[in-house]
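The values are calculated or read from the model by the stated rules, or taken from the named source; none is laboratory data. In this text the structure is predicted, and so the values were computed from the model without any measurement. Cβ: placed from backbone, ideal geometry, glycine included. Neighbour counts: every protein chain shown. Accessible surface is based on the protein model in full, side chains and every heavy atom, while ligands, DNA and RNA are left aside. Shrake-Rupley method; radii C 1.70, N 1.55, O 1.52, S 1.80 Å.
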Amino acid sequence: MGFLKRDDDNSPAPAQSAAPPGFTEEAPHAASYEAGSLAGIPESGRERIARMKQEVARGFFTSDLSVDEFLLVKQSGFEPLGLVLGSSIYHIGFQQAMWNQSQELGILTQAMYHARELAMTRMEEEADQLGADGIVGVRLDIGRYEWGADLAEFISVGTAVKHRGGELHRAPNGRPFTSDLSGQDFTKLLRAGYRPVGLVMGNCVYHVGRQGMLASLKQVGRNVEMPNYTQALYEARELAMERLQNEADELQAGGIVGARIVERSHGWGSHVIEFFAIGTAVVATSTEHEIEKPALVLPLTG
């Protein structure tokens, strides 16, 4: 029985019960959201929100939108209110796994999902305090610091916006909509008769079992598929994608745009990978969808 540890840590991991062969957990659950709540937001953050409310009242805003994005978002009928963020520093534990067993590591999957959801929820609660309809240009980042080898900070940042005409653009669950689309893509989406309802995600932390020595010797010098690795990576991606789609279904979305899968090891070792699927769930606002004709652009630099 082996245990998973970070590549730069030589100390043994605390004992935990191993997951049985073929073990997978259900999709992690989202963090609880309460409109108007400031739980988890520090005092300095609450003071910043109070100042932002006063600034919004006099027409001042902060934003990480580029100039083009800012102008296009305003052209679409939305006013930027302020830069909102959420943060969660999370201790990520260990989980045992057989060296030759491919399986999901449910404890790590839950930790990575829950930490991101905490950050996202706090960002949404900040936007709710500003009276926003949604958040555009959301970025989800993971930061690590020297003072905590097993700690990671999950950061969610975006620009809170409100519709100028007072149209409600919130998600069906009442939360401000979130989207990682750029200002340009956000505007195109609205013009084509769609709107975002939420940034959806799914993840899976998977241990890819090592191949035995005899099997390795049989493949020396041969071109042959490695079925154990193929199936392991295939299953891990499928689990992440399935959970992404389940989140979109919960939002009553008609589809997901900009979906992508990010694969990272996070320092757990060469055979442990997190597959993180993320995209923007959308719904139709019109039965007719007018698609803009592409414009020809020639660079002046030659």
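Distance between the 7 Å Cα→Cβ label points at Lys188 and Val220: 5.3 nm. Protein-only accessible surface at a 1.4 angstrom probe places the residues Ile155, Ile135 in the order Ile155, Ile135, largest first. When the residues Lys53, Lys74, Lys293, Lys188 are ordered by accessible surface, computed with a 1.4 Å probe over the protein chains alone, the sequence from largest down reads Lys293, Lys188, Lys53, Lys74. Partner aspartates and glutamates whose Cα lies under 18 Å from the Cα of Lys293, excluding those fewer than 8 positions away in the same chain, are identified as Asp185. Hydrodynamic radius of segment 43-156 by the Kirkwood approach over all distinct alpha-carbon pairs: 16.5 Å.
Glu290 contributes an accessible area of around 150 Å² to the protein surface, as traced by a 1.4 Å probe with all chains present. Solvent-accessible surface of segment 67-138, taken per residue with a 1.4 Å probe and all protein chains present: 30 Å².
For Thr285, nonlocal amide neighbours, meaning residues 5 or more places apart or on other chains whose placed amide H falls under 5 Å from its own, are Tyr194, Arg195. Between Glu55 and Trp147, what FRET efficiency follows from the Cβ-Cβ distance if R0 is 35 Å, with the result rounded to 0.05? E(calc), rounded to 0.05, equals 0.55. Using a probe of 1.4 angstrom, how much of the accessible area of segment 32-143 is carbon and sulfur, in percent? Its accessible area is 54 percent carbon and sulfur atoms. Per-residue SASA remark: Met52, around 10 Å² accessible (1.4 Å probe; ligands, DNA and RNA not included). What the Cβ-Cβ distance of Leu300 and Asp64 gives, at R0 = 35 Å and to the nearest 0.05, is a FRET efficiency of 0.80. At full extension, Arg264 and Asp249 could sit 2.8 nm farther apart than now, given 0.36 nm per residue minus the alpha carbon distance. Computed from backbone phi with θ = phi - 60° and the Karplus coefficients 6.51, -1.76 and 1.60, the 3J(HN,Hα) list for segment 160-172 is 6, 10, 9, 5, 5, x, x, 5, 7, 10, 6, 6, x Hz; x is used for glycine and proline. Per-residue accessible area (protein heavy atoms, 1.4 Å probe) orders Ile142, Ile261, Ile41 as Ile261, Ile142, Ile41, starting from the largest. A 1.4 Å probe run over the protein chains yields, for segment 235-280, 47 Å² of accessible area per residue, whole-number rounding. Under 5 Å between amide hydrogens, built in the peptide plane, is the criterion, and for Phe177 it picks out Gly134, Ile135, Ala171 among residues at least 5 positions away or on other chains.
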